[in-house]
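Below: one structure, written as structure tokens.
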Amino acid sequence: MSNPLAADLDTLRKIVESTANHGRFAQEFHLTPPVGWLNDPNGLAQLDDTFHAYFQYSPFNAAGGVKMWGHSTSQDMVIWNYEGTALYPDQPFDVGGVYSGSALVEDDGTMHVFYTGNVKREDTEGYDYVMSGREANTIHVTSKDGQNFSHKRLVLDNADYPEDDTNHVRDPKVWRSGKKYYMVQGARRKDDTGEVLVFESDDLDKWHLVNRITSDEPFGYMWECPDYFEVADDARGDIAQILSVSPQGLRGGDWDRRNVYQSGYFVLQGDVLSECKLNPFALWDAGFDFYAPQTFETVGGRRILIGWMGMPDEKYYSNLTVEDGWQHCFTIPREITARNGRILQMPVRELERYRHNGRFSDAALRVEDTKCFDMEVVGIQSREFKATIADELVLTWESGRFAMRFTNQGEKSVGAGRMQRFERLDYLNKVRVVGDASSIEVFVNDGVLAFSTRYYPTTYSVDVKAPSAEIRIWDIQA
Ligand code: FRU
């Protein structure tokens, strides 16, 4: 490592990682940071047989700090191996953090990574870091193995973004279509509305703006982490065009009972590169801990989404893992499909290979010691469904609502301050719940709704009551 700043960061990172001990809430099959803090998934890609996931990583502080890209690999998207740090903030154009970005794998096997080099200039002018004082540099690097990267090339900077945008422009997500390359970036306009910028390129280095997409009515002040992809709807015989964004600043109505920031998608009508309209926004996940997801396509053509199972700037609940020097993890990777105009997400099918010790029952089941489990409740016909996890996390379907609620809302309780999340649901047929040592992910009706949460039990159990339904629960042995 020729850059002395990167070399010293590397040495220090290894020192802190050597002290890591995740304690009793260590996750067994969710990607976690070795030490310190993790946020967004970045650079998701498959190179040959190996899946690569990078993550926003601050090893020196479990409450967050300067961001670099941690790197993990997997053969099946269930078991992840930490590989080290791939990108350090070591250049004038990214010294404030190697922020989020994405990867594109060319046919020759070269991985092209684009990320935001964040810079906050020293405050000599009274900067507010919204209108002034912040650089959002778009950087391009390449790799053959996913771990060693070329020198960093600056391909876009503030001067390349529209004049009516603030300094908040970031999170490039790239894809190829025919002979051209495209990139979306999230932005905050000077009138405090969020938008997506769409760029085009012939060579991955020279990019020009071709479109700006926003909703008819203002929808939050900033859209982070945009993603654009298409999924075939085989039932309807068409293609769903999905624009995923993480809006900040949604207020009023139902937004006030939800998380501080949201992640969801608009089905897009028209052409992402020119005239298009956005259908109503739908949440990816209505639980307490979900933000900044990114998708990628596997070699076999599956569209996989991974979210950050965490929430930035959250005042009311916390994560008890901070006491053990680490915080946050990714969701289980989820397959995205479309059926009859509905977008569905379910855990990657590879998870089922880790199911052992199945227990089955009709109507009611209680199982103890369920630290890592996978549960399905199918054929729910009556109006009654209730699942209680670790005696404090209750899932119900009542009065047209599917709800996730912690019965004890103390700071050090199982939910560490989390209270209740719910969504309207007229009809309940199936529920799938995936539990790891400190997370629960719930998928309702084949993944029409999802709810993710971190939780911190002292003893594990699952108790289900669902008259006339089939209940199946397995241990996950990862
Ligand atoms: C989303 C986000 C991104 C940014 C990154 C910095 O959580 O704010 O917009 O690139 O985190 O860590």
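Dipole magnitude for the stretch 44-195: computed about the Cα centre from +1 point charges on Lys and Arg Cβ and -1 point charges on Asp and Glu Cβ, it is near 100 debye. Taking θ as phi - 60° and the Karplus parameters 6.51, -1.76 and 1.60, the scalar couplings of the stretch 177-183 work out to 9, x, 8, 10, 10, 10, 9 Hz in sequence order, x denoting glycine and proline. Helix 4-18 and the longest principal axis of the C-alpha atoms of the chain enclose an angle of approximately 20°. Note on the stretch 143-229: semi-axes of the ellipsoid equivalent to its C-alpha gyration tensor, largest first and rounded to whole Å, are 25, 14, 13. Please list log₁₀ I(q)/I(0) at q = 0.09, 0.11, 0.20 Å⁻¹ for the stretch 181-336, using the Debye equation with identical point scatterers on the alpha-carbon positions. Log-scaled intensity ratios, in q order: -0.33, -0.49, -1.38.
Counting only C-alpha contacts under 8 Å and six or more residues apart, can you give the relative contact order of the stretch 282-422 as a whole percent? The value is 18 percent.
Taking a ≥ b ≥ c as the square roots of the eigenvalues of the Cα gyration tensor, the stretch 70-118 is oblate, since a/c reaches 1.5 or more and a/b is not larger than b/c. Protein heavy-atom surface of the chain, 1.4 angstrom probe: 46% of the accessible area is carbon and sulfur, with nucleic acids and ligands not counted.
Per residue, the convex hull spanned by the Cα atoms of the stretch 410-471 amounts to 104 cubic angstrom.
Computed over Cα pairs, the Kirkwood radius of the stretch 297-377 leads via Stokes-Einstein (1.306 mPa s, 10 °C) to a diffusion coefficient of 97 µm² per second. For the stretch 244-367, count all C-alpha to C-alpha pairs, find those more than 26 Å apart, and express that count as a whole percent of the total. In whole percent, the long-distance tail amounts to 39. Let me make sure I get this right: for the stretch 338-471, a, b and c are the square roots of the gyration tensor eigenvalues over alpha carbons, sorted descending. Under 1.5 in a/c it's rounded, otherwise prolate if a/b > b/c, else oblate. Which is it? It comes out rounded by the Cα gyration axes. If the segment from residue 258 to residue 144 were pulled out straight at 0.36 nm per residue, it would be longer than the present Cα-Cα gap by 36.9 nm.
Using only Cα coordinates, the Kirkwood hydrodynamic radius of the stretch 211-250 works out to 11.9 Å. Measure out, as a whole number of angstrom, how far apart the alpha-carbon centroids of the stretch 250-299 and the stretch 166-209 sit. That distance is 17 Å. Of the chymotrypsin sites (Phe, Trp or Tyr not before Pro) found in the stretch 336-427, those in coil by DSSP whose Cβ has at most 15 other Cβ atoms within 10 Å are 427. Starting from the Kirkwood radius over alpha-carbon pairs of the chain, derive D by Stokes-Einstein at 10 °C in a medium of 1.306 mPa s and give it in µm² s⁻¹. After rounding, the answer is 69 µm²/s. Distance check, please: which entries in 152/206; 67/120; 173/206; 386/430; 173/315 exceed 18 angstrom between their Cα atoms? Distance filter (> 18 Å) returns 173/315.
Computed with every protein chain present, the accessible area of residue 398 is close to 120 Å² [probe 1.4 Å].
Less than 5 angstrom separates the built amide H of residue 168 from those of 188, all sequence-distant by 5 or more or on a different chain. Taking the square roots of 5 times each eigenvalue of the Cα gyration tensor of the stretch 1-146, largest first, gives ellipsoid semi-axes of 26, 20, 14 Å. Hey, how many Å between the Cα centroid of the stretch 210-245 and the Cα centroid of the stretch 300-336? That distance is 22 Å. Once backbone amide H atoms are built at 1.01 Å from N, residue 448 has 345 as its partners under 5 Å, excluding neighbours fewer than 5 places away on the same chain. Accessible area of residue 433 (1.4 Å probe, protein heavy atoms only, ligands and nucleic acids ignored): about 0 Å².
Rounded, prolate or oblate: which fits the stretch 185-229, taking a ≥ b ≥ c as square roots of the Cα gyration tensor eigenvalues, rounded meaning a/c under 1.5, else prolate when a/b beats b/c? Since a/c reaches 1.5 and a/b is larger than b/c, the shape of the stretch 185-229 is classed as prolate. Computed from the Cα positions only, the extents of the stretch 1-87 along the three principal axes stand at 35, 35, 20 Å, in decreasing order.
Full extension of the chain segment joining residue 212 with residue 407 gains 65.7 nm, where the gain is 0.36 nm per residue of separation less the Cα-Cα distance. Rounded to whole numbers, the Karplus 3J(HN,Hα) couplings from phi for the stretch 435-440 are x, 10, 3, 9, 8, 10 Hz, using 6.51 cos²θ - 1.76 cosθ + 1.60 with θ = phi - 60°, and x at Gly and Pro.
Shown in residue order for the stretch 80-96 are the 3J(HN,Hα) couplings computed by the Karplus curve 6.51 cos²θ - 1.76 cosθ + 1.60 at θ = phi - 60°: 10, 10, 6, 10, x, 10, 8, 9, 9, x, 10, 10, x, 8, 9, 5, x Hz (x for Gly and Pro).
Full extension of the chain between residue 75 and residue 357 yields a length gain of 99.2 nm, computed as 0.36 nm times the residue separation minus the alpha carbon distance.
With the simple model of a label 7 Å out from the Cα in the direction of the Cβ, residue 478 to residue 323 spans 2.2 nm. Name the residues of the stretch 455-471 whose amide N is less than 14 Å from a point 7 angstrom out from the Cα of residue 371 along the C-beta direction? It comes to 457-461, nothing else. The smallest convex shape that holds all Cα atoms of the stretch 145-195, its convex hull, gives 123 Å³ per residue.
According to the calculation over all Cα-Cα pairs in the stretch 283-336, the P(r) per 10 Å bin from zero is 21, 45, 24, 9, 0 %.
Once you reduce the stretch 76-143 and the stretch 354-414 to the center of their Cα atoms, the two points are 40 Å from each other.
Across the options 104, 320, 159, the greatest Cα extent toward the positive end of the charge dipole of the chain (unit charges at beta carbon of Lys, Arg, Asp, Glu) belongs to 320.
The values are calculated or read from the model by the stated rules, or taken from the named source; none is laboratory data. Predicted model, so just to flag it, every value in this text is computed and none were measured. No Cβ is skipped: glycine too gets one built from the backbone with ideal geometry, and neighbour counts run over all protein chains shown. Just the protein is used for accessible areas: all its heavy atoms, side chains included, with ligands, DNA and RNA removed. Shrake-Rupley method; radii C 1.70, N 1.55, O 1.52, S 1.80 Å.
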